[in-house]
Amino acid sequence: MSLSVKDSVRLTGIAPQMILAAIVAEGVYRDENAPCVITSCIDSKHRIASLHYVGHGLDLRTNNLLPEVRQTVADSLRERLGAEFDVILEDDHIHVEWQPKGHLTDG
């Protein structure tokens, strides 16, 4: 399918990890035969401490997904992105944020 960005979305200052998240999201949406649309990054209104404002959050459109597959898409994103990302299925979008949980060690 495709990956696109809504016209009003600001990308300046996003963390490189969010590019990875967008690429992974496109693959998950492709599996459901739906276009992947980023609807928010550093723009829009979010809660005060939102990671959107520091370039570590993005929102994905869900109104182009069948209601019965939205949770599956969120679960697939969570699995493919791994523990450093949080994936939250909201009422009208999927929120993805990069939020590392501690330090990685060599073994």
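The numbers here are math on the coordinates, done by the rules we state, and not lab data. Keep in mind the model is a prediction, meaning the values are calculated, not measured. Virtual Cβ from ideal backbone geometry, glycine too; neighbours counted across all protein chains shown.
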Legend entry - Amide H within-cut-off set for V5, under 5 Å, with H built and near neighbours excluded: I38
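Excluding T39 itself, calculate the net charge of residues whose Cβ lies under 10 Å from the Cβ of T39, where each Lys or Arg counts +1 and each Asp or Glu counts -1. Kindly include the intermediate steps, with their values, before the conclusion.
Numbers: positive: K6, R61; negative: D43, D59, D92.
Value of the local net charge: -1.
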Inset, instruction - Pull out a ≥ b ≥ c, the square roots of the eigenvalues of the alpha-carbon gyration tensor of the chain, then state rounded if a/c is under 1.5, prolate if not and a/b is larger than b/c, and oblate in the remaining case. - result: oblate
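Would you work out the relative contact order for the chain, in percent, from Cα pairs under 8 angstrom that are 6 or more residues apart? Provide the component values of the computation, followed by the final result.
Numbers: 184 pairs, mean separation 27.3, N = 107.
Relative contact order comes out at 25 percent.
Given Cβ point charges of +1 (Lys, Arg) and -1 (Asp, Glu) and nothing else, what value in debye, to the nearest 20, does the dipole of the chain about its Cα centre take? Walk me through the numbers on the way to the answer.
Values: 10 positive and 16 negative charges, 53 e Å.
Dipole about the Cα centre, nearest 20: 260 debye.
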